[in-house]
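Take a look at the structure below.
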Amino acid sequence: MKKGVISVLSTMLGAAAGAAAVNTSASKKIKRKDDGLKKVHELYMAFDQWLRIRQEGKTLVEYFHDHDYKTVAIYGMKELGEHLYEELKDSDVEVRYVIDKNADAIYADVDVVTPDEELEPVDVIVVTAIYYFDEIEDMLNEKVDYPVVSLEDILYEM
C-alpha cells in the first residue's frame, strides 16, 4: 500500500512540476509578445507624430537649430535611425557617426561604431531605439558628458 501511495504522490508531484515548467515557459512567451507589441506601438506612434510634423511643413532640423546642435550622433540604425539620418544628411546639421550594436551589419554613408568603442564628441546623441531609451541613456551617460536625447522626446517637443 505504501508503494502505491508513493507512486501516486510521485506522479502528482511530477505533474505539478511539469505544469509549473509549462506555465513559466508560457509566461515568458506572453511577456515577449507583450514587449513586442509595446515596441511596435511606440514605433507606430513615433512615425505618426513625425508625419504630423511633416504635414505642418516642418522638419526635425528645426529642433537641432533651436537647441544649437550642429553635430549629431545617431544611436540605432533601424527604421527610425535610417529616417532621421535621411532627414539630416542634406542639412547643415552634421551626422558625424552612427552607434549600433550591430555595426558590422550596417551599411551607411557615415561611420558606424559600436557602443563599446570610444565615442567622438558631438553636440548631442539622438537615441532612435526609443523603447530602450532609459537603459541606453544610462549606458551612454557613463561614457559621455554631452546630451543624450530620445527621438521620441524630439518628436513630441516639435
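Between the amide H of residue 150 and those of 127, distances stay under 5 Å, these residues lying 5 or more places away or on another chain, with hydrogens modeled in the peptide plane.
Around the amide H of residue 124, modelled in the peptide plane, lie the amide H atoms of 71, 73, all under 5 Å away and 5 or more residues distant in sequence or on another chain. For residue 105 and residue 67, the FRET efficiency from 1/(1 + (r/R0)^6), where r spans their Cβ atoms and R0 equals 30 Å, is about 0.45. Rounded to the nearest whole angstrom, the semi-axes of the ellipsoid equivalent to region 36-158, taken from the Cα gyration tensor as √(5λ), stand at 21, 17, 14, largest first. Roughly how many nanometres apart are two label points built 7 Å out from the Cα toward the Cβ at residue 86 and residue 134? A separation of 3.2 nm, rounded to one decimal place. Using the average count of surrounding beta-carbon atoms within 10 Å as a protection proxy, the listed peptides 149-155, 89-95, 73-79 rank, highest first, as 73-79, 149-155, 89-95.
Every number in this text was worked out from the coordinates using simple rules, so none of it is lab data. Every value quoted in this text rests on a predicted model; they were computed, and no experiment measured them. Cβ sites come from the backbone with ideal geometry, for glycine too, and all protein chains shown count toward neighbours.
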